[in-house]
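Report on the following structure.
None of the figures in this text is laboratory data; all of them are computed from the coordinates on show. Note that the structure is predicted; figures quoted are calculated from it, not measured. A quick note on method: Cβ atoms are made from the backbone with ideal geometry, for glycine too, and the neighbour counts reach across all protein chains shown.
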Amino acid sequence: PADSTVTNVAPWQITVGASTMDREFASNLILGNGKHYKGQSLSSSSLPHAKFYPIIAAFQAKAKNVSALDAQLCKLGSLDPKMAKGKILVCLRGQNGRVEKGRAVALAGGVGMVLE
């Protein structure tokens, strides 16, 4: 079988594949107006608690000659480092993977990403 698959060649046996995880990787986003949003993160680091960072929609940091949609999706090379540096970017779900979105934000100098 290939990765993430199960197989059974004997007709009288049952093959079952299941997976669960009993852990939660909680991460909170606290806005300047005091609102709290609960999310998840696998990052081993966090931002300083006493400092606030601007939060913008990713398309607001769009690089030249890139579509607004590619910037919203936080595709690699779609974000302008001058506009993303030191900010938290809100990226849209879809088309490219979450890790790629986070990498695109980090490469552009962003300090965090919120996946919408």
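In loop segments of the range 18-116 as defined by DSSP, the chymotrypsin sites (Phe, Trp or Tyr not before Pro) with at most 14 further C-beta atoms inside 10 Å of their C-beta are Phe25, Phe52.
Taking a ≥ b ≥ c as the square roots of the Cα gyration tensor eigenvalues, the chain comes out oblate, since a/c reaches at least 1.5 and a/b does not exceed b/c. Quick one: angle between helix 98-107 and the longest Cα principal axis of the chain, in degrees between 0 and 90, rounded to 10, please. Roughly 30 degrees, rounded to the nearest 10. A simple charge model with +1 on the Cβ of Lys and Arg, -1 on the Cβ of Asp and Glu and nothing else charged puts the dipole of the chain at about 560 debye relative to its Cα centre. For Met113, the residues whose modelled amide H falls within less than 5 Å of its own, excluding neighbours fewer than 5 places apart on the same chain, are Leu89. Using just its DSSP H runs of length 4 or more, each adding -39500 (n - 2.57), the chain gives a mean residue ellipticity at 222 nm of -4000 deg cm²/dmol after division by all residues.
The lysines within cross-link reach of Lys51, meaning a Cα-to-Cα straight distance under 16 Å and a gap of 8 or more places when in the same chain, are Lys35, Lys85, Lys87.
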